[in-house]
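Okay, structure first, notes after.
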Number of protein chains: 2
Amino acid sequence: MEPQELRKLIASGKFQRPTAGVCSGYIQTNMVALPKEFAEDFEVFCKKNPKAIPLLEVVKDGYETSFLADKANLLNEIPAYNIIKNGEITEVVNDITPYYTKDLVFFLIGCSFSFENELIQNGIELRHVTNCQNVSMYNTNITLTPVGKFKGKMVVSMRPIRKDLVAKACVITAHYPRMHGSPIHVGYPEMIGIKDLDKPDYGDSVEIKEDEIPLFWPCGVTPQNVLTDMKIPFAITHLPGHMFVSDKKDEDFYEKDI
Amino acid sequence: MEPQELRKLIASGKFQRPTAGVCSGYIQTNMVALPKEFAEDFEVFCKKNPKAIPLLEVVKDGYETSFLADKANLLNEIPAYNIIKNGEITEVVNDITPYYTKDLVFFLIGCSFSFENELIQNGIELRHVTNCQNVSMYNTNITLTPVGKFKGKMVVSMRPIRKDLVAKACVITAHYPRMHGSPIHVGYPEMIGIKDLDKPDYGDSVEIKEDEIPLFWPCGVTPQNVLTDMKIPFAITHLPGHMFVSDKKDEDFYEKDI
């Protein structure tokens, strides 16, 4: 299926599932929408924390993309949204048209799903993909560079990688700096404040085999966490796992020079 | 100093020290010389184990290089040599002219010293360089692909790297596949058969700080180990640390596409 078709299905209410594995080869992104009074600081915050929150497109006027897709409607072409009020998720909806005002600014943020295909094609097993589970995610003690009211700690996704493939996984993912790039940490979970790998803070727990090492990548859940921690009066995000599927291909963001 | 000048000094007996830090920017290599009856198998052995024993040049006729330097004399332009008889080092000499016969084949093998400069330039401290020590080296349980009588385990060098720079170190060194490339193992020494990091099998012990992870690269000591283990009747190698300094620059072996 092409992303345009998928987004039409979503807009018509016929696709409300997670987007993992859909439109393989096309990049999927996180979405955050904020009132203008917060938007400027958030944009600087993203740019100061490019590894955790790699900004791909900002839509300041209206609600249609221009870079990631030609006029995708961000109000109803994402399968599900979180409505956040005073830092709490008050509702999950499939269409945010009723919430739209000209005051909203939309941010589309890179996602590590984009490099998983290439890891697998290079013979690197991804346990959560094999098991059809959600990736394991954890809160860490890695502090983000603060900007105004935006501050907090990085959330990471974890993938167990066979010991002899660790360097290869670092190199492959480094080619995608706008999808979080290479791991932020390799092995030794306690060094980044993770006490129990068996108990992820988000997503599913996966087995780590004896010849495997846990690798940690920054995760798109990071900004959602920041918004709830600061008790933001109003914000909208995609529902985790229910991503914006763009018209851009993985290879459009492949950087040869690393 | 240019490599040509250094090699002249060496040939005239005026430089018999280790070559670390000399002619910065030029690649240094390991050297192994074997009788013809072993040479063919050894060449295949190198090619089957390119990460441990990356072959840069083979000199089959005579004793002069043509690729790595224009007519460097391998008999006296290396500061020191090990003479190996029946698998034992019987002598260390500065000139192997008396041992030369037309039966000898020379192998020049990539060395991880070549990427250390770039690691340091990228803000990655190398403890053994800071402390002017020899790099720590260890025997492992990583089995080489055997060819004929050539078989054995990989020897690795270890460098402690700050946790947030591990992926960067993997990426930088991956650009030098003919100098061992990216690490063969990251963290967890016991997984590759190393019991005590404080007791290296070769070289010096270095401190590993609390926020650092040990990274392991294949090491040019590997073939020397194989030769002694198989009790080879006769062979000559460079004396560890006393390398062949070539006319090629590090960047000549930098591979953009990784």
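The values are calculated or read from the model by the stated rules, or taken from the named source; none is laboratory data. Just so it is clear, the model here is predicted, and its values are computed rather than measured. Cβ coordinates were reconstructed from backbone atoms using ideal geometry, including for glycine residues, and neighbour counts include every protein chain displayed. Note: areas computed on protein heavy atoms with side chains; ligands, DNA, RNA excluded. Shrake-Rupley method; radii C 1.70, N 1.55, O 1.52, S 1.80 Å.
Of the residues making up the stretch A:182-226, those that are outside any loop (DSSP other than H, G, I, E, B), open to solvent by less than 30 Å² (accessible area, probe 1.4 Å) and in contact with a helix residue (DSSP H, G or I) (Cβ under 9 Å, 6 or more places away or on another chain) are A:His185, A:Val186, A:Ile192, A:Glu212, A:Ile213, A:Pro214, A:Leu215, A:Phe216, A:Trp217, A:Pro223, A:Val226.
The criterion of at least 3 residues that are in contact with a Ser or Thr (Cβ under 9 Å, 6 or more places away or on another chain) and either under 17 Å from A:Asp229 (Cα atoms) or open to solvent by 30 Å² or more (accessible area, probe 1.4 Å) (or both) is met by the following strands (runs of 3 or more DSSP E) wholly inside the stretch A:70-181: A:81-85, A:153-162. For the stretch A:33-52, filtering for residues that are farther than 18 Å from A:Thr228 by Cβ and crowded, with 23+ Cβ neighbours inside 10 Å leaves 0.
Going through (1) over 30 Å from A:Gly193 (Cβ atoms); (2) more than 11 Å from chain A (Cβ to nearest Cβ); (3) surrounded by fewer than 19 Cβ atoms within 10 Å (Cβ to Cβ) one by one, B:Asp257 falls short only on (2). Being open to solvent by 10 Å² or more (accessible area, probe 1.4 Å), more than 14 Å from every other protein chain (Cβ to nearest Cβ), part of a loop (DSSP other than H, G, I, E, B) and at pLDDT below 95 is a condition met by at least one residue of the stretch A:242-254. Does B:Pro214 count as within 11 Å of chain A (Cβ to nearest Cβ) and within 30 Å of B:Glu2 (Cβ to Cβ)? So B:Pro214 fails the test.
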